[in-house]
1. What order do you get for 28-37, 471-480, 516-525 when each peptide is scored by the mean count of other beta carbon atoms within 10 Å, highest first?
2. Among 431-444, 93-106, how do they line up by average Cβ neighbours within 10 Å per residue, starting with the highest?
3. Between segment 565-601 and segment 330-372, what is the separation of their alpha carbon centroids in Å?
4. Would you kindly state how much longer the chain becomes between W525 and N644 on full extension, computed as 0.36 nm times their sequence separation minus their alpha carbon distance, in nm to one decimal?
5. For Y397, Y85, what ranking results if the residue with the fewest other Cβ atoms within 10 Å of its Cβ goes first?
6. So what's the gap between the Cα centers of segment 47-98 and segment 106-160, to the nearest angstrom?
7. Rounded, prolate or oblate: pick one for segment 567-671, where a ≥ b ≥ c are the square roots of the eigenvalues of its C-alpha gyration tensor, a/c under 1.5 means rounded, and failing that, prolate if a/b is larger than b/c, else oblate.
8. Using the number of other C-beta atoms within 10 angstrom as an exposure proxy, rank D41, D576 with the fewest first.
Amino acid sequence: MKNGSFFKCKWIKEEGFYLLLLLLICLIGYGRFLFNAPIYDFYNHFFPYRYFIVDTIHHGRIPLWNPYQSMGLPAHADPQANVFYLPIWIFALIFGKYSTACCGAEFLFHVFVSGVGFFYLTRFFVKNNFVAFLTAGFYMLSGFFVGNAQHLSWIIGAAWLPWLLLSFIKLLDSPGLRPMLLFPLFFSLMVTGGYPGFVFVSIYFLLAILIFYLVIRFQQSRQDWGKLFGYGAGALVLSVLLSAPALISFWEIRAEITRGVSLSFAETSESLTLRSMISLIFPYIANSDSGFTHTDISMGSIYVGLLVLPAVFIGLWKNRDSLLWVLLGMGLWAFISAFGTHIPLNRFFFEHLPLLGVIRLPGLYRLFFMLIMLIFAAKGFEYLIENWEKCRVCAAYISGAAGLLFLIAVAVFYKMTPEIQHDDFLDGPLTQKMMLEAMIASFTCIIASLAIIIAGRPKVFVLLAIILLAEPLVQANICGPKTIYTTQDLHEQLAKVTSISGFPVPDSLSSPEKINKDYGLYAFWTNVGMFVKEVEWYSYNPVKLNRDLQMLQKYCESQTALYLPIAYFPKAIVYDTVPHFLTTDTAYTLRPESVFTCDSGNTEITVRRFEPGYVVLQTQTDTERPFALCQSVYKGWQASLDGNPLQLDTLNFAMLSATVPAGSHEVVLEYRRPFIVALFMLQAILSAIMFLLFSYLKFRSC
């Protein structure tokens, strides 16, 4: 580092202040999450899984196998479990135990990461740090982050998307060692932490950017093609290495599950609607009234800030950057795709473009459109700043006129509201919500107009930044209790449900309903087995093994609960290909040679240890016979009998089984994936080396 001082670095002096402001915006917009419990899918899916992973790491085991959901699932093969997402391991090392505060901290971390990434992505297209900061703030407070906060893997995808695009653009624009190191890091973070749909759509954006640069280089100069392909090949190899454990895991499970396979276009759901376009100016409606928007409250908002919209049109009008026109075309494609079945053209995209046929929720496309809109807004803001004296009067009149129109709307909605609900203003009728939104919009526009008129040039941009960002900050705080966190006091329940230490041995299968009743957990409705360390026979999880669904077909159809010991010796093993209700007396096999009958004899089977991916049984029988273990069959399970290898079998279509000889024996069943573990160790070590090397190169250039 030049001058020998960290604080003399150009990066710190010119950009550090804006990054601190982004952190402040993040805390003001979402800080309440730190003191409240998560909501919806965050509460019932991501929080329990995060708790399981962090707790397992804390107790010295790699969380490859989750024994508590649906009689056991390969956690590392679940894309939304994020087992190979390195920030989770850092959280585990720091906190040791995942709590509601950790939920909030992880969400805020990724929001801040998204803002910093968007800041630098915008700086590639505009020269002004202030403009980059402003639009980064809007990205952090956009309707995507507010609406989809409950979908943590979506937030992770949105956090790393600007970094992914920026590093790829820099790799193509100025091939070198630093972008070659950065792109694989961000690609692997997107793959291991983000929702797969974001990876698929991102690949199409990257392809469009690649084609653009190849065409430009072909037209301008061919001298640096060797450099481009050399660093590009290095980035590709590193991307594959860093993503390998996740990619292999996802590939292995593809034939075992229903998710991840192509579905019919009609089965897609939760897309944008015409009514959800109201979110551009009234985001609270989209985040609180699905009856009006006709889509889920998490999927219907494309809000990027009220006063951003004029800047978007100015940016479109004044843009001269060819790459941005390419990105605009991709953004419009994403916008059209976000409407799902509402636009017939999307059927062609869905059925004929690779990877897109597995995207069930078209609402995710909207993020890419919003990101491109904000980049054009940055171009618009930059033009306004450079031509402020010429634009000032016009901006004041437009903002003031918009404020008066919204004020008229307030009066109209007030008259349309049958009765104002003062006690719970935010949960009043639709017209009352619209009146509230019109009030916020009117106040914002009028104050902005006054600031433009009375402030001198040195002050006006600071004032406008405060006003511009104040409106989305208010929106984030009023929408937060609807889509991000619940203000109910659930800490006593959470303390109770997360108080179990270690890995106690469960005695029988259970269900979320039974566990909730036993522990008095009125706020939970599923996936609680991971907290209390009990095995649920059926869980709410997108990843379900096909053989488990076959075994449980009768129970799902009749909504009957299944209760069995964790391990038992059936009296009879019969051959059948049709699922039945299960008992401890009879088990079913798909192999005729495994048929077995024993009506008498003393048997005893005891579960001595039951840890994620590691079970120890003590058996006592008078005759050789098979046992059934209520854990799912999956590649990687191995067994030993008194230290010697033991062949595994399958009972009841999906349960682990093995035949033990007469007498007293110890059976150890272990889920082992040494190759995947080795790849993960390589991923972690290589990521650390690449990050440190990039940091060294970055600060050496200061």
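The numbers here are math on the coordinates, done by the rules we state, and not lab data. On a predicted model such as this, the values are computed, not experimentally measured, just so you know. Here the Cβ positions follow ideal geometry from the backbone for every residue, glycine too, while neighbour counts run over all protein chains shown.
1. Values: 28-37: 19.2, 471-480: 22.2, 516-525: 14.8.
Ranking, from highest mean packing down: 471-480, 28-37, 516-525.
2. Numbers: 431-444: 20.6, 93-106: 18.0.
Ranking the peptides 431-444, 93-106 by packing returns 431-444, 93-106.
3. If you average the Cα positions of each part, the centres end up 48 Å apart.
4. Numbers: separation 119, 0.36 × 119 = 42.84 nm, distance 4.24 nm.
Taking W525 through N644 to full extension adds about 38.6 nm, to one decimal.
5. On the way: Y397 13, Y85 21.
Fewest-to-most Cβ neighbours within 10 Å comes out as Y397, Y85.
6. First find each Cα centre; the distance between them is then 26 Å.
7. Working: a/c = 1.71, a/b = 1.18, b/c = 1.45.
Oblate.
8. On the way: D41 19, D576 12.
The fewest-first ordering by Cβ neighbours comes to D576, D41.
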